[in-house]
Each structure stands twice: as structure tokens, then as C-alpha cells.
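Engineer: I have a structure here, written as C-alpha cells, and I will follow up with some questions on it.
The values are calculated or read from the model by the stated rules, or taken from the named source; none is laboratory data. Everything quoted here is computed from the prediction, not taken from an experiment. Backbone-built Cβ (ideal geometry, glycine too); neighbour counts: all protein chains shown.
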Amino acid sequence: MEFVNSKVFKNAIRKHSVITKKELRFKPNTRHKVCVVCRTSPNYPWRIYASNTDIDNPTLFIKSLWLEHTCSSLVGKVYHMHAPFIAEEYQEFFMSDPNWTREGMQNAINKDFDMSVGYQICYRARMRAKKLAQGSYKDQYNLLESYAHELKKRNPGTSVWIQTELDGEITVHKGQLLSAVGIDGNNGIHPIAWAIVEAKSRESWIWFLEFLKADLDIHHSGHYTFMSDKQKGLEQAIKELFPDAAHRHCLELKQKLWAVARSCTMNTFMEAMEDLKKSSLSGWQWCLDRPAKHWSKSHFDHKFKCDFLLNNHSENFNKSVLPARKKPILACLEEIRLATMVRLANRRNSSPNWKCKVGPRVEK
Ligand SMILES: [Zn+2]
């Protein structure tokens, strides 16, 4: 019998120990020689010895074995039912469900090995399994190129870009998320593009927005309105790439909208509207589309917050991808992509049920 390397051999022994409920222990060993004994049997009659024949070949062969136990099986937990073993054994569960609970894990171990393990061990095993399932941060950076290739192959029309440092080595950093979010026909969030960059700066925004400009085929930016927080470098980047577009900060527009909302007389209302029009054509249009009779102050406070989504769009998007941001890069990008795909698919599925030519939120 042979094993690819000592790690595989040891894992097989651990599993054997757990299944047979025998306290098997490794004697001090190397990559080339592994000896296992049964600690409970007097004078260790049960033993396995494996070694390799060629020092350059990690394959281990079993050289000798005595499989006779003089001990009886343990009732409780054996030593090798520890966190690393459990993590290795159940890491696939975490690939399909990263939120698999500790209770779920305890139940599975109970059922599979007829053993109950404590809260602490499961906690450590869970952390370990999650890490294994997601792969280490560095491994995932190394896989980015093939991930990009796969994305383009599976979703024709997708643009994926990776920029590496000059020497071609990818530096591993947690990074910052840049995103561009549009508004769909029903005033809903429509994620367009996202990127993980080293830092939020004029350079990284330009890098990101240049792709956005090319992909959306924006030659004349006059019809576009950009909404953003006061982000470092973003204002300059938008000015450079979209010189004719309107760019407003959320707060600024919010104030102008409030002015419209607060105005009590027709005159002040018209003035505030004019002022808003100068700031944001789309904001002004949004107000125009809603009959003024519904604009009584009492209604407006409430309606304004929940219905006017413009300024909250990117914020909402960023908030929705927050859990993904904590994961290694590939897992993070995948989670954002999946969530976006589901979001867009749900929209598409629900739109045939619209009773009117416009979306239900617009109709209101
Ligand atoms: Zn034994």
C-alpha cells in the first residue's frame, strides 16, 4: 500500500483512529519515515511503519504492520478528533455554506463518527475550515488571472481588468472598494461596475472610471449626472474624464431638495426648483414627475426619505457588500458578482408583472 506523501498518510491514520476509536499516536517522525503505535494496547502490539524508498520521492510505502489490538475501543473522544482533523474533514461543507453552524457541525460529527465534541473544538474547527475553504489570501491573488479569464469566457461581454505592479508581482493588501451604481427604470439600484484598488485616490478613480467610460461608450457626458460622497480624488477624476457631466455631492443635492420640500409658497417652491435644476437635472425631473399636490410638508418628510433613492444608492450598495469585503479577494469578488446577478435576475423576473408601462415605484 502506498501514499502520495506523509501528510496524506497521516490523515488516513487520523481518520482510522477516529473511526475505530483507538488511540493511535505518531512516534517522532520525518517526511521519510512515519511510525504509528496504539497507545492503549500494552506494549503497543498494534503498529504501522511506513517509509519511502527514494529520498527524492515523497511517496510512502507501508513497510510493516501489526493490526492486532489488545485494547478495547474507547468510549469517549479520541485524541485525533481535534480541530485540524474536523476542519479537513468538513471543509467542503463550508464551500457550499460558509454559514454552516457549530450545532450543524456537532450533529454531523455525532452522526458520522458517533462522537460528541465540545463547543470550543467546533469553534476552532469552524474557523479553520472557513479559512481552508476560502483559500489563503495570497493563493487567491495568484488565481486572479484565471478567474478573470473564466469570467470572460462564461459571461461574454463582461469586462474584467487586472493591473499589477510594474514587476508583475501582485501585492496583497486588503484594498478599497470602488463602485459605480446606476438607477434602473423603477428607481432601484443597478450595480454597473466595481473594483478593488490599493487606495482611494485620483489615480485609482481615473483608472476605474476610464473603463466605465469606455464600456458605457460615453462620448458626450452632458446627459450624465454623477452623485457621490466627498471622496478623495473622485471629484477631480470626474472633472477630467466627464467634463460636461453634472457632478453633485449627496449633501449638496440633499440640501437643495430639502429647500424644495420645505418651501410653503408657490414662489419659493419655483425658486427652489430652479436652483435644483441647476444642480441636478435628474433630481429636478424626479420632482417634476411627482404631482405637487402630494408634496404637502407632512407627507414629504416621510416620502422624501424612502423614495428619493439617488443619494443613497452607492451607500446601499456598499453596505450590501460589506460582509463580502471581509473575505479574501476571490471569495469577495464572487460574492459581489453572485449577489448582483441574483439582484438583476430578480428584477427581470418581476418586471413582466408591472401593471403599468413604468415601474411600480415610479407609478406611485
Ligand atoms: Zn490498541
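Engineer: For the range 59-94: of the residues being more than 15 Å from SER17 (Cβ to Cβ) and loosely packed, with under 15 Cβ neighbours inside 10 Å, which is nearest to the ligand (Cβ to nearest atom)?
Structural biologist: THR70
Engineer: For residues that are under 14 Å from TYR90 (Cβ atoms) and among the small types (Gly, Ala, Ser), tally how many sit in the range 101-151.
Structural biologist: Total satisfying the criteria: 5.
Engineer: A further question on this structure: Of the numbered conditions (1) within 15 Å of the ligand (Cβ to nearest atom); (2) crowded, with 17+ Cβ neighbours inside 10 Å; (3) not aliphatic (A, V, I, L, M), ARG25 satisfies every one except a single condition; which is it?
Structural biologist: Among (1) within 15 Å of the ligand (Cβ to nearest atom); (2) crowded, with 17+ Cβ neighbours inside 10 Å; (3) not aliphatic (A, V, I, L, M), the lone unmet condition for ARG25 is (2).
Engineer: In this structure, is VAL117 in contact (Cβ under 8 Å) with a residue 12 or more places away in the chain and closer than 21 Å to LYS7 by Cα?
Structural biologist: No.
Engineer: Further question: Of the conditions (1) away from the ligand (no atom under 11 Å from the Cβ); (2) among the β-branched types (Val, Ile, Thr); (3) in contact with a Cys (Cβ under 6 Å, 6 or more places away or on another chain), THR40 fails just one. Which one is it?
Structural biologist: All conditions pass for THR40, except number (1).
Engineer: From the list ILE55, ILE19, exactly one residue is under 24 Å from GLY118 (Cα atoms) and either away from the ligand (no atom under 16 Å from the Cβ) or not hydroxyl-bearing (Ser, Thr, Tyr) (or both). Which is it?
Structural biologist: Only one candidate passes the filter, namely ILE19.
Engineer: Which of the residues belonging to the range 200-212 are under 12 Å from PHE242 (Cα atoms) and crowded, with 16+ Cβ neighbours inside 10 Å?
Structural biologist: The answer is ILE206, LEU209, LEU212.
Engineer: Considering the range 43-52 alone, what residues qualify as being over 44 Å from the mean Cα position of the chain (by Cα), more than 13 Å from the ligand (Cβ to nearest atom) and touching a residue at least 24 places away in the same chain (Cβ under 8 Å)?
Structural biologist: Within the range 43-52, no residue meets the criteria.
Engineer: List the residue pairs whose Cβ atoms are under 9 Å apart, where the first residue sits in the range 64-76 and is in the same structural domain as ALA50 (by TED's automatic domain parsing) and without any contact (Cβ under 8 Å) to a residue 40 or more places away in the chain, the second is within 8 Å of the ligand (Cβ to nearest atom) and outside any loop (DSSP other than H, G, I, E, B), and the two are 6 or more positions apart or on different chains.
Structural biologist: Between residues of the range 64-76 that are in the same structural domain as ALA50 (by TED's automatic domain parsing) and without any contact (Cβ under 8 Å) to a residue 40 or more places away in the chain and residues that are within 8 Å of the ligand (Cβ to nearest atom) and outside any loop (DSSP other than H, G, I, E, B), the close pairs are THR70/CYS38.
Engineer: Across the range 313-334, which residue is nearest to GLY182 (Cα to Cα) among those that are of a type in the set (A, V, I, L, M, F, W, C) and assigned to a helix (DSSP H, G or I)?
Structural biologist: Residue satisfying both the conditions and the ranking: PHE317.
Engineer: For the list (1) at pLDDT below 75; (2) over 32 Å from the mean Cα position of the chain (by Cα), I need the number of the one condition that HIS249 fails.
Structural biologist: (2)
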